[in-house]
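As structure tokens, the structure follows; a few thoughts come after it.
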Amino acid sequence: MRTNIFWLYIIFFILQSSQINSDDRIFIDQKGYLPNAAKFVLVAQPADSFKVIESSSNQIVFREKLNRWQTNDPATGLTINKGDFSDLTTSGHYIIDVPGVGKSFEFLISDSVYLDVYHKSLKGFYFQRCGVDLTTEYAGVYSHTKCHTTDGIFHSTTGLTGFHEALAGWHDAGDYGKYVVNAGVTVGTLLMAYELFPERFNQDNLNIPESGNGMPDLLDEVRFELEWLLKMQDQNGGVYHKLTREQFAGFILPQRDTAVRYIYQISSTATADFAAMLARASRIYQSFDPLLSQLCLAAAEKAWQYLEAHPNIIPSGGFQNPSGTNTGEYGDGQDFDERLWAAAELFVTTGNDKYHNYFKDNYRASGLINSPMGWQNVKALALLTYLTGNHSAINPTVHSQIQGSLINYCQTLVNKRNQSGFHVLLEPGEYFWGSNSYALNKAILLIIAYEKSKNPDFYNTALDQLHYLLGVNAHRLSFITGIGDKSVRNPHHRPSAADNIAEPVPGLLAGGPNQYLQDPILKTHFNSSTPPALCYIDHVDSYASNEIAINWNAPLVFVSGYFANISGSTNVQTGDAAVPRKIQLFQNYPNPFAQTTTIAFHSDIPQNIQLKIYDLLGRIVIRETLSASQESTNRFEWDGRDQLGKAIASGLYFYQIESAQQSETKKLIYLNRSNSK
Ligand SMILES: [Ca+2]
Ligand SMILES: [Ca+2]
Ligand SMILES: [Ca+2]
Ligand SMILES: [Zn+2]
């Protein structure tokens, strides 16, 4: 008898908790969807159908069946049903309701739905700037005084001694080191975004110190890194591998990290990455800053001369931390791909046969495009540079071979997406350190393949990777700080951990699930039988799943920026006055109303909004200043009373919201039952 009661309690408890947590089983992109792109909701619980509800009117605008999509998804162990609402193309705010399961987060359908992701992820680089004050004007609550002002001292292994000024550049990741090799794929990806799609990446209004100077802010941000990189080249053309402490700093603010930071020895991977980055920069900055462009080209050619003089990898076997040093190693025993990338960039910039011949002699050495780029393997960047480069000497046969390999590889990616419960380009085994960036780098290949082929599967599969990062994952989490209703809160990021501010620095992408459990926290929570995609924890100590890094944010900038500016019609603007800060006002509901009504609006940025309600003669009834958040719908409840609390007369009124740049007005009808005749 007691046992029965005990079991009743247990069953009651399970029922209760499954109701409370039911929303955890509905997966949508927490930002939302482009009007004309594919749209899916995933539900990891048996259910037959779903409804899409327009938030402000509470009206059902779409209803469809759910179908079984994956049974025992190999990466998560979940059984997943899928609903397709691609046919809903009307812009607005929505919620998905799955009867018997629950409701989703609110999301947006809009052409500009990813603008916020793009702006924040690019601004994320500004927050990583080293050696300068981050002022409140640009950094807000995350401001701090200049850090690491004595970079750097030659490490004894360089054979050199003393101080060599190497300020500027970005902190690499959750730590404060600066590593040339990881700058390589990062700068390469950011400059590629601008070079391929200048009309999508040319905004000059991202609120960094160089906003409004006439140069796209993406190029200003990269320039800050180039200024540091130029200081990392030795007189012999070789490039020092990194600038770090011997041991990682504790979780302190950057300006408090005053231990000696060393410049380590030259490596051929750093030298070749450097040559590639600066050769690419030379052609992109030519029209904005001819002097910088010349400096970059001279430095890149000098680096190439060093590589020619040292045909074998330097140091032998690749860079390794000397004894006594435990900061990031970025070791890589294969410098073939870095040299190939340097040759490709130098050829496209100069047209010089020396570089072209090197490229043509070596481009097939490890197959064509068959994997995405990463810090350790930049072959895909080399091949993409040749594929998308603009030079009359480009060999059409080589060009078409590379293009064919890209298209073929992207077909395999579409097939892989169709095997994955969450549409992600990661299969068991690929949930390694930085897995989120691995999916994003594949999305970059899909975008370029889409531009070449116009195959919509490539477009939508690339978008699926963004959806994955923004909530369509087993954790139902946005992996980007400060974006979405439920996002990473505790990144392994020293400034975020040390600043006594609850919200982490925004716009930073966490590494993501890591099935290899390469830190003690992951080992504590998971084991080898945990489904690979579940091996993630939002814990500050989980450096192997929850660190942030510049080479992970760079592909996020590329992919979110590509989809954020789909019209490609944005122009370089000058000054904050031209900032297109969008607000959108929705019809109040209920309307007409007798008791209370809700006025809802959306703002693309956090800002103060003036709300006014006025009558047919323009007399103000209500005037309020509201602080709008950009993450969700902002609401104002009104009970038909004026500023003094007095009930107003029945009739037609106007309501208006106004930001510094824009205003929108709609009508409402109030029925005052007590004073209507
Ligand atoms: Ca600018
Ligand atoms: Ca390599
Ligand atoms: Ca914090
Ligand atoms: Zn610093």
Within the stretch 110-125, residues being surrounded by 21 or more Cβ atoms within 10 Å (Cβ to Cβ) and either of a type in the set (D, E) or in contact with a His (Cβ under 8 Å, 6 or more places away or on another chain) (or both) number 1
(Q) Take the conditions among the acidic types (D, E), more than 16 Å from ligand 3 (Cβ to nearest atom) and either outside the structural domain of A497 (by TED's automatic domain parsing) or in a helix (DSSP H, G or I) (or both) and apply them to E221. Does it pass? (A) yes
Taking Q403 as the residue in question, decide whether it is farther than 30 Å from T461 by Cα and in the same structural domain as K454 (by TED's automatic domain parsing).
no
Exactly one of Y94, Y114 is at pLDDT 95 or above and under 20 Å from the mean Cα position of the chain (by Cα), and that one is Y114
Quick count over the stretch 454-497, residues being among the basic types (K, R) and within 16 Å of ligand 4 (Cβ to nearest atom), is 1
Within the stretch 144-180, residues surrounded by fewer than 24 Cβ atoms within 10 Å (Cβ to Cβ), assigned to a strand (DSSP E or B) and more than 16 Å from ligand 3 (Cβ to nearest atom) come out as I153, F154, F163
Selection over the stretch 229-280 where residues are touching a strand residue (DSSP E or B) at 6+ places or on another chain (Cβ under 7 Å), among the aliphatic types (A, V, I, L, M) and within 24 Å of Q376 (Cβ to Cβ) yields a count of 6
Residue pairs qualifying under the 9 Å Cβ cut-off, at least six apart or on distinct chains, with the first in the stretch 514-528 being at positive phi and the second being among the basic types (K, R) and in a helix (DSSP H, G or I), are L517/K523
Quick count over the stretch 280-313, residues being part of a helix (DSSP H, G or I) and acidic (D, E), is 2
Just one listed residue, out of A183, A249, A276, is within 16 Å of ligand 2 (Cβ to nearest atom), under 19 Å from C147 (Cβ atoms), surrounded by 19 or more Cβ atoms within 10 Å (Cβ to Cβ) and among the small types (G, A, S), and it is A183
Here the residues within the stretch 116-143 that are touching a Pro at 6+ places or on another chain (Cβ under 8 Å), assigned to a helix (DSSP H, G or I) and of a type in the set (A, V, I, L, M, F, W, C) are F127
Considering the stretch 583-621, residues that are at pLDDT 85 or above and small (G, A, S), and then whichever is farthest from the chain's Cα centre (by Cα), we arrive at A594
task = Looking only at the stretch 182-195, decide whether some residue is within 15 Å of ligand 1 (Cβ to nearest atom), in contact with a Pro (Cβ under 8 Å, 6 or more places away or on another chain) and more than 27 Å from D499 (Cα to Cα).
result = yes
In the stretch 406-424, anything assigned to a loop (DSSP other than H, G, I, E, B) and of a type in the set (F, W, Y) is listed as F422
Per the filter on the stretch 524-565, residues part of a strand (DSSP E or B) and touching a helix residue (DSSP H, G or I) at 6+ places or on another chain (Cβ under 9 Å) are I548, A549
Checked the stretch 622-669 for anything assigned to a loop (DSSP other than H, G, I, E, B), without any contact (Cβ under 8 Å) to a residue 60 or more places away in the chain and surrounded by fewer than 16 Cβ atoms within 10 Å (Cβ to Cβ); matches are S629, D639, D642, Q643, L644, G645, K646, A649
The residue that is surrounded by the fewest Cβ atoms within 10 Å (Cβ to Cβ), considering only those in the stretch 332-355 that are touching a Lys or Arg at 6+ places or on another chain (Cβ under 9 Å) and either aromatic (F, W, Y) or not assigned by TED's automatic domain parsing to the domain that holds L278 (or both), is F336
- Query: Would you say A300 is in contact (Cβ under 8 Å) with a residue 60 or more places away in the chain, more than 16 Å from ligand 3 (Cβ to nearest atom) and not aromatic (F, W, Y)?
  - Reply: no
Picking from D97, D73, the residue that is part of a strand (DSSP E or B) and out of contact with any Asp or Glu (no Cβ under 8 Å at 6 or more places or on another chain) would be D97
- Selection status of N415, farther than 22 Å from L477 by Cα and free of Cβ contacts under 8 Å to residues at least 24 places away in the same chain: yes
task: Inspect the stretch 118-126 for any residue being more than 18 Å from A47 (Cβ to Cβ), within 16 Å of ligand 4 (Cβ to nearest atom) and touching a Gly at 6+ places or on another chain (Cβ under 6 Å) and give the result as yes or no.
output: yes
Within the stretch 322-348, restricting to residues that are touching a residue at least 24 places away in the same chain (Cβ under 8 Å), not in a helix (DSSP H, G or I) and not small (G, A, S), the one that is nearest to ligand 4 (Cβ to nearest atom) is T327
Residues in the stretch 597-632 that are among the acidic types (D, E) and out of contact with any strand residue (DSSP E or B) (no Cβ under 7 Å at 6 or more places or on another chain) total 2
(Q) Taking the conditions exactly as written (β-branched (V, I, T), outside the structural domain of L190 (by TED's automatic domain parsing) and more than 16 Å from ligand 3 (Cβ to nearest atom)), does V132 satisfy them or not? (A) no
In the stretch 195-211, anything surrounded by fewer than 19 Cβ atoms within 10 Å (Cβ to Cβ) and of a type outside the set (A, V, I, L, M, F, W, C) is listed as E195, P198, E199, N207, P209, E210
Filter the stretch 497-522 for residues that are of a type in the set (G, A, S) and surrounded by fewer than 20 Cβ atoms within 10 Å (Cβ to Cβ); the one that is farthest from the chain's Cα centre (by Cα) is A498
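The values are calculated or read from the model by the stated rules, or taken from the named source; none is laboratory data. Note that the structure is predicted; figures quoted are calculated from it, not measured. With ideal geometry, Cβ positions are generated from the backbone for all residues, glycine too; neighbour counts draw on all protein chains shown.
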